[in-house]
Amino acid sequence: GEDPYLVSRVGDDEDGAAVRAAMRAWGMDEAGLQTDPRLPTGRVQVTIEAGEPAYDIVCPAAWDAIEAPTRERSGSPPCALLYHGSLALRSGPSRRACQSLREAGPGTVFVDVNLRPPWWDRERVLELLRGAHWVKLNQDELERLDRGDGRAFLRSLGLRGLLLTNGSHGARLLT
C-alpha cells in the first residue's frame, strides 16, 4: 500500500520493456527507472550445484550504470526508507548512485547483503554496512564478513536490527 520509488536501470530491449510493463500493471511509478541505450537489462543465471544454487550475475548490464536521481519527485516527502542490495557495489557508477541516495539522508537504510563471487569485496561491503540501520544476510555471508556471531556483528556495526537467514532452518531477527 505504500508508494515506492524504484531507482534502477534497464536496457532498451525486450526485457527492459517487460520490466516497465510489469511496473505499470502493478501501479508503480516508473520515474526512477532509467533506460540504458547500450547495455542490456540485467540477467542472473541460476544453476544448482551439489544441491545448492549458484549464481552467474551477467556482466555488464544496465544496472551497472545506474545514475543518481537528479531531482526528487515533486511534492514527495523525504525518503523514509532506502532499501538496497550490496551488488550495486560491483560497478563504480552504481556505487556512486547508491552513495548519493544515502547522502540524501533517508530515515532508515536497509541493506540486503548478497555476496556473489566474484562481485564483492569484504572491506567495501563492511563500509556499506557501517552506515546502515538494518541488514539482512544469511549465515554463510555472516561468517564471510565477520567470524563472530550475529549479536556481536549487530553491536559492532551499531545496527538497529539484523535479519539472519538460515535456509530451510528458518531465520532470526536480532535487535
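The values are calculated or read from the model by the stated rules, or taken from the named source; none is laboratory data. Since the model is a prediction, treat every value here as computed from it, not as a measurement. Ideal geometry is used to build each Cβ from the backbone, glycine not excepted, and the neighbour counts take in all protein chains shown. Heavy atoms of the whole protein, side chains included, go into the accessibility calculation; ligands, DNA and RNA do not. Shrake-Rupley method; radii C 1.70, N 1.55, O 1.52, S 1.80 Å.
Taking all protein chains together and a 1.4 Å probe, the residues Phe110, Phe153 rank Phe110, Phe153 from largest to smallest accessible area. Computed over neighbours whose Cβ is under 12 Å from that of Ser94, the net charge equals +1, Lys and Arg +1, Asp and Glu -1.
Shape class for the range 1-107, computed from the alpha carbon gyration tensor (a ≥ b ≥ c): prolate, with a/c not under 1.5 and a/b above b/c. Anisotropy class assigned to the range 40-175 is oblate, per the alpha carbon gyration tensor with a/c at or over the 1.5 cut-off and a/b no larger than b/c. Compared with the alpha-carbon gap, the fully stretched path from Ala18 to Ala50 is longer by 8.3 nm at 0.36 nm per residue. About its Cα centre, the chain has a charge dipole of approximately 580 debye under the convention of +1 per Lys or Arg Cβ and -1 per Asp or Glu Cβ, with nothing else charged.
For GluC sites (Glu not before Pro), the sites in the range 64-173 that DSSP calls loop and that have at most 14 other Cβ atoms within 10 Å are Glu67, Glu72. Of all accessible surface on the chain at a 1.4 Å probe, what whole percent is carbon and sulfur? So the carbon and sulfur contribution to the accessible surface is 52 percent. Only helices reaching 18 angstrom along their own axis (Cα) with mean Kyte-Doolittle hydropathy no lower than 0.0 count here, and not one DSSP H run of the chain does. FRET efficiency for the Thr108 to Leu173 pair, using the beta carbon distance and R₀ = 22 Å, is estimated at 0.90.
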